[in-house]
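The values are calculated or read from the model by the stated rules, or taken from the named source; none is laboratory data. What you see is a predicted model, and the numbers here were worked out from it, not measured in a lab. Using ideal geometry, Cβ is built from the backbone for each residue, glycine included, and neighbour counts are taken over all protein chains shown. All accessible areas refer to the heavy atoms of the entire protein, side chains included, with ligands and DNA or RNA removed. Shrake-Rupley method; radii C 1.70, N 1.55, O 1.52, S 1.80 Å.
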Amino acid sequence: MSGRDTRDRAPRVKNRAAAAVQITAEQLLREAQERQEPAIQAPKQRVQDLEELSEFQGRKRTEFEGRIRYSRDNIRAWIKYAQWESSQNEFERARSVFERALDIDPRSNELWLRYTDMELKARNINHARNLYDRAVTLLPRVDALWYKYVYLEELLLNVPGARQIFERWMQWEPNDKAWQSYIKLEERYNELDRASAIYERWIGVRPIPKNWVIWAKFEEERNQPDKAREVFQTALEFFGDEEEQVEKAQQVFAAFARMETRLKEYERARVIYKFALARLPRSKSASLYAAYTKFEKQHGDRAGVELTVLGKRRIQYEEELAYDGTNYDAWFSLARLEEDAYRADKEDGEEVEPTRVREVYERAVANVPPALEKRYWRRYIYLWLQYAAFEEIETKDFDRARDVYKAAIKLVPHKSFTFAKLWLSYAYFEIRQLDVTAARKVLGAGIGMCPKPKLFSGYIELEMRLREFDRVRMLYEKFLTYDSSLSAAWIQWTQVESAVEDFERVRAIFELAVQQSLDMPEIVWKAYIDFESGEGEREKTRSLYERLLERTSHVKVYISYALMEISVLGGGEDEDGNEIEGEAGDAELARAVFARGYKDLRTKAEKEDRALLLEAWKSFEQEHGTPENLAKVEEMMPTTRKRWRKAEDGSDMLVEYWDLIFPDDERDANPTSFKFFQAAQQWAAQRGGDEGEGGLSYDLPSDSDEDDEEEAEEVEVADVAEDGQAAGTAEPMDEDD
């Protein structure tokens, strides 16, 4: 930085305001153009006589000879030399230069073209013909020489000569453009038969589908449809009927069908499309299917359109399956598509075989899931089930449907997992064939091979429909031997026994159930209690509640117990339709259950459960009790109070929470302050003109209390604090603290 000259810096612009005179970019460019210096031009030489001309020509020839002597392979130098000689009308010298150049490089295309151009400009036609003849003889694969040779002869109206040149050219079997040029020559002179013969020779040299189509179109344009059909038929015979050959000739089939469509031969076109599509795989004929679909939409009936749409959808599904063979959703769609097509053909009265549908299903079930995980097999098993249903319902081939079920059961790895739906579907299939023994054998094999709750339930449901109650009992015994913790199974068994009015067996089953280690014991106890109460057995129901309370003291048990005591059990109608009065409940017993539950929950310090119990008790007293009993319960209702406690994360921060305060807890803990607090509440209620009501209240305390109420609360808090200090207890700080 220190060695840099400060004078090299760009000058700082101090005044950034716009200039008074503005110059546009157009003015700058125009000024630059005007100030350009004129280009240096070579001096012009004027030849005054023949001596000066000879001297000038000699000097130029010496210059050109020096150049070609320096680089003999430079064809450009030779061409310039010859063109200069021709410009001096020295054609002999020019020919001599070109011949000398051809001795050096006789295969130079440019050299031959410039040589012939010079002769043509000088109107030396015969010389040019001789040169073209020499050129095409030496370079028969250079198309430009042939084109110029033919053009020269045609320009001279020497059509036979041009035809002769083309014949020489065609012996070398050139590209398609050369053949087309020969054909266009004949067409220009209306020699259509000759053109047709050239097409035939062209096809013999290059029998590709495109050339066949061009030939047929030519015959069609000259109003020879029979000849055009003959061309197409020859092409199809040439390519053959194999799959690869038909795939190669798709363009010929499409053009053939389009020609028949233009000639209004729609049935011919339809036959051509169907012939090609029947021999091509669906994955290789997308373009042909698209053309066929368009044809049917324009000229076909409803059935034809549906058939083409069906083919198009087949191609779509086949492409998806070619990408992923385990895409079972695509298999389902393809199978459903084939089934719909099969049913449509049957409705139309056609005798069709379900070969295509079966082929799709066989291909689908051949794609076994790669992993032994049940989530991969779920969609796969439904393919088997749908296959069996198709054989049973659509084709009425019951033996084949049975074989499908057997193959599916044999394929599933039952040691790892099984599918109850597969076993049950097979069993119900045998039931529909009026073979109950076979159905029982299927389900028995399933239970013996891979027991499963759903399989037991399905077997039991089948026997229930057959009214085989002894078999149902045996199945329930095996079911609960397999897994005795299933509460739903125990309840279902009792429902079966209740349906046959074997109540002693129901009680025995319930007794066995409650002694087991159940997954949901509460529903079994509830079902047992509901059964006894439904039978009007109050003592047995009371005994069950007592047994349940020995196991658990949940608030819902107490509430249900109390409501049972007040409810009417039994009753109904006898066989003659006369109403039977049930046994009325006892409110005192219900009240005693509520009191017992409240005492038990209070002992366990369950505040939320106590609040729920008091709410139920209050509702009970409102319906069945006296005002005194209701008032007593309302006095026991808790209130809410905001308090603070230390955070659970171990920090010293205080977090607020809402706590339930029960009057009896306050009375036992601080009897003096409780009375004072109760008196303050009554005074505040009278002051506000509102009557105090019990019950849970989750409303936030009002911020607009009177000063006297605040003083009363302060006095109450002070008393509570003194009592707490006297008792030596540490309680959570509430909102007043």
Next item on the list: Residue by residue through the stretch 262-294, note down the ones that are closer than 15 Å to PHE232 by Cβ and open to solvent by 30 Å² or more (accessible area, probe 1.4 Å).
Entry: ARG262, LEU263, GLU265, ARG268, VAL271, PHE275
Notebook entry, point to check: Quick one: would you say GLU99 is part of a helix (DSSP H, G or I) and open to solvent by 70 Å² or more (accessible area, probe 1.4 Å)?
Noted result: no
Notebook entry, point to check: Which of the residues that make up the stretch 496-530 are part of a loop (DSSP other than H, G, I, E, B) and surrounded by fewer than 18 Cβ atoms within 10 Å (Cβ to Cβ)?
Noted result: VAL500, GLU501, ASP502, GLN515, GLN516, SER517, ASP519, MET520
Next item on the list: Residues being modelled with pLDDT under 80 and surrounded by 10 or more Cβ atoms within 10 Å (Cβ to Cβ): count how many of those fall in the stretch 32-59.
Entry: 1
Notebook entry, point to check: Hey, LYS217 hits all of (1) in a helix (DSSP H, G or I); (2) at pLDDT below 90; (3) under 22 Å from ARG270 (Cα atoms) but one; which does it fall short on?
Noted result: (2)
Item checked: Of all residues in the stretch 364-410 being surrounded by 19 or more Cβ atoms within 10 Å (Cβ to Cβ) and of a type in the set (Ser, Thr, Tyr), the one that is nearest to the chain's Cα centre (by Cα) -> TYR380
Item checked: In the stretch 533-559, the residues that are surrounded by fewer than 18 Cβ atoms within 10 Å (Cβ to Cβ) and assigned to a helix (DSSP H, G or I) -> GLY534, GLU539, LYS540, SER543, GLU546, ARG547, LEU549, GLU550, ARG551, LYS556
Margin query: Can you go through LEU157, LEU185 and tell me which one is loosely packed, with under 12 Cβ neighbours inside 10 Å and either modelled with pLDDT of 90 or more or at positive phi (or both)?
Written below: LEU157
Next item on the list: Please go through the stretch 423-457 and pick out each residue that is under 22 Å from LEU486 (Cβ atoms) and surrounded by 21 or more Cβ atoms within 10 Å (Cβ to Cβ).
Entry: TRP423, LEU424, ALA427, LEU443, GLY446, LEU455, PHE456
Notebook entry, point to check: under 25 Å from ASN109 (Cβ atoms), within 51 Å of the chain's Cα centre (by Cα) and part of a helix (DSSP H, G or I), is that true of LYS177?
Noted result: yes
Next item on the list: For the stretch 593-609, state whether one or more residues are open to solvent by 40 Å² or more (accessible area, probe 1.4 Å), modelled with pLDDT under 80, of a type in the set (A, V, I, L, M) and over 26 Å from ASP664 (Cα atoms).
Entry: no
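Every residue, every condition in (1) within 41 Å of the chain's Cα centre (by Cα); (2) acidic (Asp, Glu); (3) over 30 Å from ASP193 (Cα atoms), yes or no:
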{"site": "PRO225", "(1), (2), (3)": "no, no, no"}
{"site": "ALA257", "(1), (2), (3)": "yes, no, no"}
{"site": "GLU260", "(1), (2), (3)": "no, yes, no"}
{"site": "LYS264", "(1), (2), (3)": "no, no, no"}
{"site": "TYR273", "(1), (2), (3)": "yes, no, yes"}
{"site": "LEU288", "(1), (2), (3)": "yes, no, yes"}
{"site": "THR293", "(1), (2), (3)": "yes, no, yes"}
Next item on the list: Give just the number: which of (1) surrounded by 17 or more Cβ atoms within 10 Å (Cβ to Cβ); (2) under 30 Å from SER181 (Cβ atoms) does ASP105 not satisfy?
Entry: (1)
Notebook entry, point to check: Across the stretch 481-495, what is the number of residues that are part of a helix (DSSP H, G or I) and touching a residue at least 24 places away in the same chain (Cβ under 8 Å)?
Noted result: 8
Margin query: Exactly one of these conditions fails for LEU29: (1) surrounded by 10 or more Cβ atoms within 10 Å (Cβ to Cβ); (2) part of a loop (DSSP other than H, G, I, E, B); (3) modelled with pLDDT of 85 or more; (4) hydrophobic (A, V, I, L, M, F, W, C). Give me its number.
Written below: (2)
